[in-house]
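A short write-up of the structure that comes next.
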Amino acid sequence: RRRSSGPGRRWLLTTPIFYVNGPPHIGHLYSALLADALHRHRGLLGPGPGRLATGTDEHGLKIQQAAAAAGTSPSELCAQMSGLFRDLFSRADVSFTDFIRTTEPRHRRAVQCFWAALQGRGLLYKDFYEGWYCTPDECFLTQAQITERPDAQGRPCKVSLESGHQVYWTKEENYMFKLSEFQEPLRKWLQGNRHVISPEPFYQVVRRWLEEDLPDLSVSRERSRLQWGIPVPGDSTQTIYVWVDALVNYLTVAGYPDAHHAWWPAAHHVVGKDILKFHAIYWPALLMAVGLDPPEQIYVHSHWTVHGQKMSKSLGNVVDPVACFKQYTMDGFRYFLLRQGVPERDCDYYEEKVIKLVNSELADALGGLLNRCTASSINPNGIYPHFSESCFRKGSDHMDVEASGRALAEDYELVASVDRLPLQVTDYFEHFQIYKALESVVACVRQTNGFFQRHAPWKLCRDNPAEKCWLDTVLHVTLECLRIYGILLQPVIPATADKLLSRLAVKPEERAFTDLTFLPRYHGKPCSFEGRRLGPDTGALFPRLETPIRRQMET
Ligand code: MET
């Protein structure tokens, strides 16, 4: 079992840096949220040192053309679009510690140093490159990777098999990187690191790619065709290929070329499956080429469809994340994407699905539970009441009703589930299965609601000492469950978790994973919460989302 986190381990988590030829959509947001949740989760396991970097990929033909089409300069287009990404991620509470733009001087310097290192090791040579190039994907394709399809006018045209985007024949003098020399080292690296790419099916995909031919890679373009990029040091007729430029951003944020040693190779990259080859083949090869270690971890996710269709400008179904925050709240939408997003496969977004999920799990199950155990009718003093061992007996034969106190077998099962939950959640996060972590939290929330319902504390009488004892214990256990859920949910729904924990009077310094000991009194330890006054009531934890009127009228 790998352990990619844990106290004392450094991590440099990264998202892809995003192309600025268009505004951000939910796919970009999803990448950033996955990385954010991992970053926050590790921060809760123990204090750093950890970083989370994101940013924008601003060079290349595609941006040059987008700017020309918009009648603006590339630098203006980049500044404007990069600002949109940055705003979105700030608004989404993505806890990035660095936001890199590839047009920054620190990056230009890193790329030029990196290039010089490649050249110094004799791994670049000039040659006539001839082949297919796909501008929207910014990549070179082999004959086997293209197919023919009619264009809008019905004329036959060549397109990429994978993306369907048009390709065109290029023939020019370029610098080539001796990628072919790295086929064996890459195979060895993967063989020795079965967990380096997760989920597992993507690891297998990369292994298969490495069984095929690995030709050398063109790493520059003629400056006459591509001006918007970093010039090749010492050769003003050539511009560095945008993917080499982009990948080096991970070193730039680590402090390359002077100060990256503390952070490299603690790199953990979150990437979409469409850019897997760049991250799992080209990037490790480039790193090996300059004598650096490949990344420690590559987390791969799939894409979002909308009503079963691919998002595309031409279909007009691109989902604007800012509108989603307005409609579902920030935490509501964060929760939806991370709870429904399964990295192995494409997932589908539609409005009703978000509303249903968020209402049932956040508003009803979690919010309802908090409401029930803090209601003044049931908890008139507004405190964290006492736990009584005579009601829940540790180590008793739970099937023996007499010896087990008032608690039933199902109640002991609840305690066992919540005891197990923190480790389970951490394990799921470490295996990049955040959706499963959330699923297991929700299962416990439902179990706790069952517990509350089963014992109907509203029917117990405070004036009867035995009943009061049991009533307090039921409330104590429920509040303890909520405290655990609040702590565990912080990486995914930070604002809601904060609201929940504040209502439970859990202080900011009591919210790390080291504070997760559940129900200490049951385990024979002191509980610092007993008798504590609850925090102020600031209204429903998560207000139910309304189905939009538009939809109501349609149905
Ligand atoms: N700009 C690329 C994309 O958006 C990612 C580059 S990550 C080094 O697909």
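The values are calculated or read from the model by the stated rules, or taken from the named source; none is laboratory data. The model shown is predicted, which means the values in this text are computed figures rather than measured ones. Neighbour counts are summed over all protein chains in view; Cβ atoms, including those assigned to glycine, are modelled from backbone coordinates with ideal geometry.
Quick notes on this structure:
- Residue list for the range 231-255, filter: within 14 Å of the ligand (Cβ to nearest atom) and part of a loop (DSSP other than H, G, I, E, B): Tyr241, Val248
- If only residues of the range 99-154 that are within 15 Å of the ligand (Cβ to nearest atom) and of a type in the set (D, E, K, R) are counted, the one that is nearest to Lys178 (Cα to Cα) is Glu138.
- Those residues of the range 161-190 which are within 30 Å of Pro150 (Cβ to Cβ), touching a Leu at 6+ places or on another chain (Cβ under 9 Å) and of a type in the set (D, E, K, R), in sequence order: Glu162
- Conditions (1) under 24 Å from Phe429 (Cα atoms); (2) of a type in the set (A, V, I, L, M, F, W, C); (3) modelled with pLDDT of 95 or more; number of the one not met by Leu516: (3)
- In this entry, Tyr335 passes the filter for residues that are in contact (Cβ under 8 Å) with a residue 40 or more places away in the chain, surrounded by 17 or more Cβ atoms within 10 Å (Cβ to Cβ) and of a type in the set (Phe, Trp, Tyr).
- Residue match in the range 275-282 (condition: over 22 Å from Ser160 (Cβ atoms) and either buried (at least 21 other Cβ atoms within 10 Å of the Cβ) or out of contact with any His (no Cβ under 9 Å at 6 or more places or on another chain) (or both)): no
- Filtered by the rule that a residue be within 12 Å of the ligand (Cβ to nearest atom) and in contact with a strand residue (DSSP E or B) (Cβ under 6 Å, 6 or more places away or on another chain), the range 6-31 gives Thr14, Thr15, Pro16, Ile17, Phe18, Tyr19, Val20, Gly27, His28, Ser31.
- Residue within the range 125-135 that is basic (Lys, Arg) and closer than 26 Å to Met81 by Cβ present: no
- Search result, residues across the range 313-344 that are among the hydrophobic types (A, V, I, L, M, F, W, C), more than 17 Å from Ser31 (Cβ to Cβ) and touching a Phe, Trp or Tyr at 6+ places or on another chain (Cβ under 8 Å): none
- Each residue in the range 256-277 was checked for being over 22 Å from His39 (Cα atoms) and away from the ligand (no atom under 14 Å from the Cβ), and 2 of them qualify.
- For the range 332-366, filtering for residues that are farther than 14 Å from Glu546 by Cα, of a type in the set (Lys, Arg) and part of a helix (DSSP H, G or I) leaves 2.
- Qualifying residue in the range 211-222 (condition: modelled with pLDDT of 95 or more and among the β-branched types (Val, Ile, Thr)): yes
- Candidate set: the range 220-230, residues that are closer than 12 Å to Gly60 by Cα and in a loop (DSSP other than H, G, I, E, B); chosen: the one farthest from the ligand (Cβ to nearest atom): Arg223
- Contacts under 6 angstrom Cβ, first residue in the range 191-210 being in contact (Cβ under 8 Å) with a residue 40 or more places away in the chain, partner surrounded by 15 or more Cβ atoms within 10 Å (Cβ to Cβ) and among the small types (Gly, Ala, Ser), 6 or more apart: Ile197/Ala280; Val206/Ala280
- Tally, over the range 278-309, of residues that are more than 26 Å from Glu181 (Cβ to Cβ) and either in a strand (DSSP E or B) or more than 16 Å from the ligand (Cβ to nearest atom) (or both): 8
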